[in-house]
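Q: Quick one: this structure, given as structure tokens, is what I'll be asking you about.
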Amino acid sequence: NKFMLALIDESGDPGLKIEKGSSRYFTIALVVFEDKDEALSCDQRIQLLKKEIGWNEASEFHFKRNSDKIRRAFLQAVSPYNFFYYGIVINKDPQKLWGEGFKNKESFYKYACGLVFENAKEKLNKATIVIDKSGNLDFRHHLAKYLRRKINSGAIKKVKMQRSDGNNLLQLADYVAGVINRSIKNKRKWADEYRKIIVHREIYVQIWPK
């Protein structure tokens, strides 16, 4: 019975009205563990890091809110563990994202979910997938629905919703999404440096449309 755990989180918002303040990029990260002991060790390492930096045990790592120093400490702490990740970055620039299909959020989400699934298909086979319950409500709802359909076809074992504040590995997925999003924007300080720390764990990051 093969162990396969996948955790999904997003960065940026899925809104399509960029001129009204929606983010230009919507990034979905998929973090995969193929070994139960590795997943457990990585989880424990993240927990230990909270102690090392003087946080209480119930604290949550959150890429957006953490300082540069914490971000580096986190990425360096997890980088030796055997996980890998996929990323999908959707560029919502109206010049690029055209077609009636993207006028509504529903079709946009469906498309995004499809891209994630297609890219990581061979790894998701019989996986348990955990989605961050505290993420964007609409998106999560669609993603869960999409993935549950895949369970019926036998591609996925099960889909769970959990809160990231109680799941260290979802915090890792949040970080991966944040790192990818920032390196694509590339306007901010340290954008590429963060990604370099974990790039050996990267399988594929797709930017769409090109």
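The values are calculated or read from the model by the stated rules, or taken from the named source; none is laboratory data. Remember, it's a predicted structure, so these values are computed and weren't measured experimentally. Counting neighbours? That spans all protein chains shown, and the Cβs are built from the backbone with ideal geometry, glycine included. The area values use the complete protein model at the heavy-atom level, side chains included, leaving out ligands, DNA and RNA. Shrake-Rupley method; radii C 1.70, N 1.55, O 1.52, S 1.80 Å.
Q: Which residue out of L40, L75, L7 is closer than 25 Å to L124 by Cβ and free of Cβ contacts under 8 Å to residues at least 24 places away in the same chain?
A: Selected residue: L40, the only one of L40, L75, L7 that is closer than 25 Å to L124 by Cβ and free of Cβ contacts under 8 Å to residues at least 24 places away in the same chain.
Q: A further question on this structure: Please indicate, with yes or no, whether at least one residue in segment 133-142 is open to solvent by less than 30 Å² (accessible area, probe 1.4 Å), of a type outside the set (A, V, I, L, M), at pLDDT below 85 and assigned to a loop (DSSP other than H, G, I, E, B).
A: yes
Q: Which of the residues spanning segment 126-144 are under 26 Å from I18 (Cβ atoms) and either without any contact (Cβ under 8 Å) to a residue 12 or more places away in the chain or aliphatic (A, V, I, L, M) (or both)? Walk me through how you get there before you give the answer.
A: Start the filter on segment 126-144 by keeping residues that are under 26 Å from I18 (Cβ atoms), which leaves 131-132, 134-143.
Scanning segment 126-144 gives I131, L137, H141, L143.
Q: Answer yes or no as to whether K123 is touching a residue at least 40 places away in the same chain (Cβ under 8 Å), closer than 22 Å to N82 by Cβ and in a strand (DSSP E or B). Before you say what the answer is, go through the steps one by one.
A: Numbers: touching a residue at least 40 places away in the same chain (Cβ under 8 Å): yes; closer than 22 Å to N82 by Cβ: yes; in a strand (DSSP E or B): no.
Here the answer is no, as K123 does not meet what is asked.
Q: With respect to S107, is the statement that it is open to solvent by less than 50 Å² (accessible area, probe 1.4 Å), among the hydroxyl-bearing types (S, T, Y) and modelled with pLDDT under 90 true?
A: Working: open to solvent by less than 50 Å² (accessible area, probe 1.4 Å): yes; among the hydroxyl-bearing types (S, T, Y): yes; modelled with pLDDT under 90: yes.
Yes; evaluated as a whole, the condition is true for this residue.
Q: Another one. State the number of residues belonging to segment 21-59 that are under 19 Å from R140 (Cα atoms) and aliphatic (A, V, I, L, M). So that I can check it myself, show each step before the final result.
A: Initial filter on segment 21-59 (under 19 Å from R140 (Cα atoms)): 22-23, 25-32.
Then keep just the ones that are aliphatic (A, V, I, L, M); that gives 28-32.
Here the count works out to 5.
Q: Does R149 satisfy being free of Cβ contacts under 8 Å to residues at least 24 places away in the same chain and either in contact with an Asp or Glu (Cβ under 8 Å, 6 or more places away or on another chain) or not β-branched (V, I, T) (or both)?
A: Against the criterion (free of Cβ contacts under 8 Å to residues at least 24 places away in the same chain and either in contact with an Asp or Glu (Cβ under 8 Å, 6 or more places away or on another chain) or not β-branched (V, I, T) (or both)), R149 qualifies.
Q: Sort out which residues of segment 145-184 are in contact with a strand residue (DSSP E or B) (Cβ under 8 Å, 6 or more places away or on another chain) and of a type in the set (G, A, S), and write them in order of number.
A: Result: S164, A173, A177, G178.
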